[in-house]
Amino acid sequence: MTDAPHPAAPGTGLVIQDLSVAYDHRLVLDGVSVACAHGEILGLLGPNGAGKSTLLKAIVGLVPRAGGSIGLDGMPLGRGGAPSTRLAYVPQRHEVDWDFPLTVEDVVLLGRQGRLGLLGRPGKADRQAAHAALERLGMGPQRRALIGELSGGQQQRVFLARALAQEGDVLLLDEPLTGVDATTQAIVLDLLADLRSRGLATVLATHDLAEAARVCDRLCLLNGRVMAFGPPHEVLTTDALVRTYGSSGIGLNRDLGEEVTRATLGPALPHDAGPAGHPEHEAAPAGRHPHRRTGR
Amino acid sequence: MLDLLADPWRFDLTRRAMLAVIAVSMGCGVLGVLVVWRGLSFIGDALAHCAVPGVVVGFLTRTSFEAWGVVSALLAAWGMALLARRGWLGGDASIAIVFTSAFALGLAMISATGSYLNDLTEILFGNPLAAGPVDIALSALVALWVVGVVVLLYRPLVFASFDPTAARVAGLPVGLLDAALYGLIALAVVAGVAVVGSVLVTALLIVPPAAARLLARRVWTQMAVSAGLGGLAGVLGLYASYYLRLATGGSVVLAAVALFLAALLVSPRGVLRGWARRRTPRPALAGR
């Protein structure tokens, strides 16, 4: 259980090799190589400006690459273009104007527009996918509400529902846990576990080291370059944290002490729970009762 | 009373003007909802000025000033989009640079050719009664085209306006959609110049959508309300212009502003509700 999990065959999933991204002439990402297999959650950690968002944007083709390659199941993803509907991307919440006069359902249905194309109109299947995604995130009752009437956590869930409705198999999340309420956090973590068991590859940028250590199968400590990449208990060492965060990394590790131990004992979420799941895990939704898992 | 209402419709000239004003105001009303939500309120004003050099060419060559106006406004609109998109300049600065240079060019062209005052007044303040049948037909066609494209591309346009990043990732051609939107704005603006003139055409794009924002919740309901209010403003303005001998552009815009003020009064978030709320005691916050 302590070994790096490889639920899928090697070489499948998202593989990023030697990726570099430059803004003007400043290298923001320098020779980044990470991978995220199907059925795996990869956590991106690092200080502000470390390039977490940039890495996600490079994967979906929003920022041009200076070098390197990005592949999905052995097929290269287009350089700076040709985004694939297999990739579902959830940008940071503050990137849009939430006063825009759209209902929750309107926004989630937009997640289907990539499949529908320029002239397509959503049909019954699209509405069903949107409703299912909203129900999954506990937003069913609010689906006729205007997005401006929602709390921050609910807005985050609408964004996630839009990505779910897209029905891609690679999910890229930019800080979905930042500044959300406990309900949203629990729902999101539960969803991540669920998607993992359904074989999605999930990349999660976050500031929450403790949560990342609990949830992710592998972590990438990032600060322009990859400072460490591997299972949480291997990555979260004082040495690696100091290389990533500077001297403040020492304190981080001390605060994390308990979590790191826990991660070493065994990650919180089941790695290979099939659709049937494991009764013990079903009884304890992800992220809510971490103390129960320390005993396993 | 019925005679009063029917009177302007008896003359070919005024009937034509009426139809053109209604069509153009409705088209601008629909498009304006997207313009306002994208924070492009002043683009209407800017593009109207950008149409001036084209309109002058139309006057000088005695060809359709609408067609030439569309050409120069379209070039300017795409120039603005390009300047803003490449990150060379902020959206507001690129609009300002393109529009002032185009307007200056237009003024220089007018002054170089003599009949400065009459032409300028007509361009700046519009005169639907002076517009020929071809121009009127063009305005109506342009309005129809604008509404048709917005309806056809409704969801992609909304997606690209609300969340361009996600729209791009989803595989929608956001650059193309932006170019289409700017192009539609240019078309609507030139059609509007014939009706209310270049100075006031912004009002057709902004005032009915602003009123609709107070009355309706969703993008498409706002578009419908805005089209209705725009058309109504056109009718009311033309009647006022006919009976009170007011400049048509001014009276159409004033009618739109009057409708906006009415919306401000009756809207669910409006002035009257505010008063009513203050008079009734607030219910205590219900405990859960």
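The values are calculated or read from the model by the stated rules, or taken from the named source; none is laboratory data. It should be emphasised that the depicted structure is a prediction, and the values quoted were computed from it without experimental measurement. Glycine gets a Cβ as well: all are built from the backbone with ideal geometry, and neighbour counts include every protein chain shown. Side chains are part of the model used for accessible areas, which takes the heavy atoms of the whole protein and leaves out ligands, DNA and RNA. Shrake-Rupley method; radii C 1.70, N 1.55, O 1.52, S 1.80 Å.
For the stretch A:97-113, accessible area lost to neighbouring protein chains reaches 20 Å² or more, against the chain alone with a 1.4 Å probe, at A:Asp97, A:Asp99, A:Phe100, A:Pro101, A:Leu102, A:Thr103, A:Asp106, A:Leu110, A:Gln113. Counting Cβ atoms of other protein chains within 10 Å of each residue's Cβ and taking the mean over peptide B:154-161 gives 5.
Solvent-accessible surface (1.4 Å probe) assigned to B:Tyr242 amounts to roughly 70 Å². For the stretch B:164-202, backbone nitrogen atoms closer than 18 Å to the point 7 Å from B:Trp145 Cα along Cα-to-C-beta are found at B:177-195. Taking a span of 24 Å or more along the helix axis (Cα atoms) and a mean Kyte-Doolittle hydropathy of at least -0.5 as the rule, the DSSP H helices of chain B that qualify are B:12-37, B:43-61, B:65-85, B:91-112, B:133-152, B:174-196, B:219-244, B:248-266.
Counting only protein chain heavy atoms and rolling a 1.4 Å probe, the accessible areas of B:Thr113, A:Thr244 rank, largest first, as B:Thr113, A:Thr244. With the gyration tensor restricted to C-alpha atoms of the stretch A:95-167, the semi-axes of the equivalent ellipsoid amount to 19, 14, 10 Å, longest first. Rounded to the nearest 100, the interface formed by chains A and B buries 2700 square angstrom of accessible surface, both chains summed, with a 1.4 Å probe.
Taking the protein heavy atoms of the stretch B:31-89 in the context of the full set of protein chains, the accessible area attributed to carbon and sulfur is 68 percent at 1.4 Å. The fraction of all Cα pairs in the stretch A:169-208 landing in successive 10 Å bins from 0 to the largest distance is 30, 55, 14, given as whole percents.
Heavy-atom accessible area for A:Glu135, with the other protein chains in place and a 1.4 Å probe, reaches approximately 120 Å².
For B:Phe42, B:Phe65, the ranking by accessible surface with the largest value first comes to B:Phe42, B:Phe65, using a 1.4 Å probe.
Distances longer than 34 Å among the Cα atoms of chain B: what percent of all pairs is that? That tail contains 23 percent of the Cα-Cα pairs.
Surface analysis of the stretch A:95-167 yields an accessible area of 37 Å² per residue, using protein heavy atoms and a 1.4 Å probe. For the residues B:Leu238, B:Leu187, B:Leu138, a GNM of chain B with alpha-carbon springs under 10 Å puts the largest fluctuation on B:Leu138.
Look at the alpha carbon pairs under 8 Å that are at least 6 residues apart: their mean separation over the length of the stretch A:95-167 gives a relative contact order of 49 percent.
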